[in-house]
Every structure is written in structure tokens, then in C-alpha cells.
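Got a structure here, written out as C-alpha cells. Questions coming.
The values are calculated or read from the model by the stated rules, or taken from the named source; none is laboratory data. Model, not experiment: these values are computed from the prediction. Note: ideal-geometry Cβ built from the backbone for every residue, glycine included; neighbour counts use all protein chains shown. The area values use the complete protein model at the heavy-atom level, side chains included, leaving out ligands, DNA and RNA. Shrake-Rupley method; radii C 1.70, N 1.55, O 1.52, S 1.80 Å.
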Amino acid sequence: IPLQGVCILVDQHTALHRDNQQRLHCGTGPAWAWADGTEIWALDGIRIPSWVVTDPDPKRMLGPELENTEQRRVGLAHYGWDRAVRALGMSPIDTHPDPRMGALYRLPDDVLEAPGQATLLVVDNASPDRDGTTRRYGLLASGTATTVIEAQASLAQLSVDEFLALDGAS
């Protein structure tokens, strides 16, 4: 494995999957595997536990089992944000006409360690990918947010008034 300033010698791998940016990525199995059973599971270059691909569960992905936000993001993006919302039985508590601003959901009490600590804001990316597709993202916003605007303001660490004063916010 040649790296900048270092080279690691290992047995030849049996599988190696990367995305178009050369990051480790495989949505159907390990992204990198060796004959001795060693495996690295990854989506979009982010290491994940195997169950995120083999037995995906949005409740587990939002809970404490995943170590960080990036793992949750890639896992739930792979699973599908709309599918996760349906699987968790969530109804929007507020929606904005602009999908880039999003729809706000109250997370079920049994999803997070401390019920009510967060809401889920599902938004469309403001800028399309190179191929023209627009990605959907889920963001954990303040548990006190009851509107999309309050959730957006909490993510920007602004008051609602400060957020609304930003150019283009509505």
C-alpha cells in the first residue's frame, strides 16, 4: 500500500472497492478484504460497522452505536433518508415550501439516549452534484425546535431573528 512517505506491505487483498473519488466504498459488502477474513467496511471513505450494510436499521444508526456523525450521515444516506423517516414512523412537525430548507421531524423517544435532545431536519442540498442529482441530508437539530426556521437557526448557532436577517433566509 503506497502512501506519501510510507509503504505498508501486506498480503494481496481479495476485494477492493472504491468510489469515483478513489475513497473506500462498497454498499454491498466489505470495501477492502483479505483472504484471512480481515475486512474494512466503508461508505464514501468513512469506516462503518458491517451491520450498516448487511442489516441496516435507522434506529441503530441514529443511536449511540455509531461513533460519529459522519458514520450516521453515510449510513443513513445509503439507507435513504425518506426510507428512514418511513421506517421510524415519523410525521413532519413542520415543512418549508423550499426543500433546501427542509422538513422537521420529532425523533421517536426510543431513538436517542436522552429523549427530546434533538429533532431531525431533512433537507435537499442547495447545489447539485456534477451529474445534476441533488442529495438529501438529515441533520440533527435542536430538540426545542418546532419549526424548520428554528431548526435551521439552531444548526447555524443563531437566534431565529439573526437567521432570518441573513440574505435569502425565509
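Principal axes first, then extents: for the Cα atoms of the stretch 71-122, list largest minus smallest coordinate on each axis, whole Å, largest first.
31, 24, 17
Please give me, ordered by residue number, the GluC sites (Glu not before Pro) of the stretch 89-170 that lie in loop per DSSP and have at most 13 other Cβ atoms within 10 Å.
When the GluC sites (Glu not before Pro) of the stretch 89-170 are filtered for loop state and at most 13 Cβ neighbours within 10 Å, Glu113 remain.
Sticking with this structure for a sec: What does the accessible area per residue of the chain come to in Å², with a 1.4 Å probe and no ligands, DNA or RNA counted?
60 Å²
Rounding to the nearest 10 and keeping the result within 0 to 90°, find how far the Cα-based axis of helix 69-79 lies from the longest principal axis of the chain.
Here the helix axis deviates by roughly 90 degrees.
Provide the net charge surrounding Val85, with neighbours chosen by a C-beta distance below 13 Å and charges set as Lys +1, Arg +1, Asp -1, Glu -1.
That sum, taken over residues with Cβ under 13 Å, equals +4.
What is the calculated FRET efficiency for Ala156 to Ala87, with r their C-beta to C-beta distance and R₀ = 22 Å, to the nearest 0.05?
0.15
Could you give the length gained by full extension between Asp36 and Thr69, i.e. 0.36 nm per residue of separation minus their alpha carbon distance, to one decimal place?
Taking Asp36 through Thr69 to full extension adds about 8.8 nm, to one decimal.
Then there is this: So, in nm, how far is label Ala77 from label Thr133 when the simple model puts each one 7 Å beyond its Cα toward the Cβ?
In this crude label model, Ala77 to Thr133 measures out at 1.1 nm.
Would you mind computing the Rg to Rh ratio of the stretch 9-141 from its alpha-carbon coordinates, Kirkwood style for Rh?
Ratio value, two decimals: 1.03.
Further question on the same structure: May I ask you to list the residues of the stretch 74-98 whose amide nitrogen lies under 13 Å from a point 7 Å from Cα along the Cα→beta-carbon direction of Asn125?
Under 13 Å, as judged by backbone N against the label point of Asn125, lie 74, 77-78 of the stretch 74-98.
Moving to a separate point now. Give the long-range amide H neighbours of Ile93: residues separated by 5 or more places, or on another chain, with amide H under 5 Å away, using H modelled in the peptide plane at 1.01 Å from N.
Counting only residues 5 or more places away or on other chains, the set is Leu104, Tyr105, Arg106.
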